[in-house]
1. Would you be able to tell me the number of residues in the stretch 44-55 that are touching a residue at least 40 places away in the same chain (Cβ under 8 Å) and open to solvent by less than 70 Å² (accessible area, probe 1.4 Å)?
2. Quick check on the stretch 66-95: of everything there that is among the aliphatic types (A, V, I, L, M) and over 15 Å from the mean Cα position of the chain (by Cα), which residue is least open to solvent (accessible area, probe 1.4 Å)?
3. Within the stretch 56-65, is even one residue loosely packed, with under 13 Cβ neighbours inside 10 Å and assigned to a helix (DSSP H, G or I)?
Amino acid sequence: GIRDQPRSRGLGDVYKRQVKSKLISDNSWQENIPIYRQLADQLRNSILLKHYLDNDALPSVREIAANHQLNPLTVSKSFQMLVNEGLVAKRRGLRMFVVEGAREKLIQRERAIFLEWELPRIKQRAKNLGFNVEILLKEQS
């Protein structure tokens, strides 16, 4: 009968796989960083990597919570961080969407962080290892 036939994989199953692949791949969370911050970082990274473009809908709170075994309040807190940063917005009666220019805003922010925090550390490490930083940068470009 009908119950003996293999269950077809509907669009919901396909969508769940897509949701999962755009976010955390293995549900391994760092213990020293709150999960909501890590999830917000994953969502930011997905926008940076163009997994979500301007005006794309993000998965719902329930979908992310179910697919990654998270408390829905944790997911909501992550979304609220992105709303506060002006990266996503909720459309009335719908879900969260990536706002126009979110990726560009993230790139500007990440570049500023890189120049202020990461590059000086890299230069110092290179200097400590005996590299001439200017020559090293020229060789790598």
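1. Of the residues in that region, 6 qualify.
2. So in the stretch 66-95, the residues among the aliphatic types (A, V, I, L, M) come out as 66, 70, 73, 75, 81-83, 87-89, 94.
Restricting the remaining residues to those that are over 15 Å from the mean Cα position of the chain (by Cα) gives 66, 70, 73, 89, 94.
Working: A66: 70, L70: 23, L73: 131, A89: 41, L94: 100 Å².
Per the stated criteria, the residue is L70.
3. Looking only at the stretch 56-65, we keep the residues that are loosely packed, with under 13 Cβ neighbours inside 10 Å, and these are 62.
Filter once more, so that each one left must be assigned to a helix (DSSP H, G or I): 62.
Checked against the condition, which is being loosely packed, with under 13 Cβ neighbours inside 10 Å and assigned to a helix (DSSP H, G or I), the stretch 56-65 yields at least one hit.
Each row is one residue, and each column tells you yes or no for (1) closer than 30 Å to Q108 by Cα; (2) modelled with pLDDT of 95 or more.
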| residue | (1), (2) |
| --- | --- |
| V19 | yes, no |
| I24 | yes, no |
| L43 | yes, yes |
| G93 | no, no |
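The values are calculated or read from the model by the stated rules, or taken from the named source; none is laboratory data. Worth saying up front: this structure is predicted, and the values here are computed from it rather than measured. Cβ sites come from the backbone with ideal geometry, for glycine too, and all protein chains shown count toward neighbours. All accessible areas refer to the heavy atoms of the entire protein, side chains included, with ligands and DNA or RNA removed. Shrake-Rupley method; radii C 1.70, N 1.55, O 1.52, S 1.80 Å.
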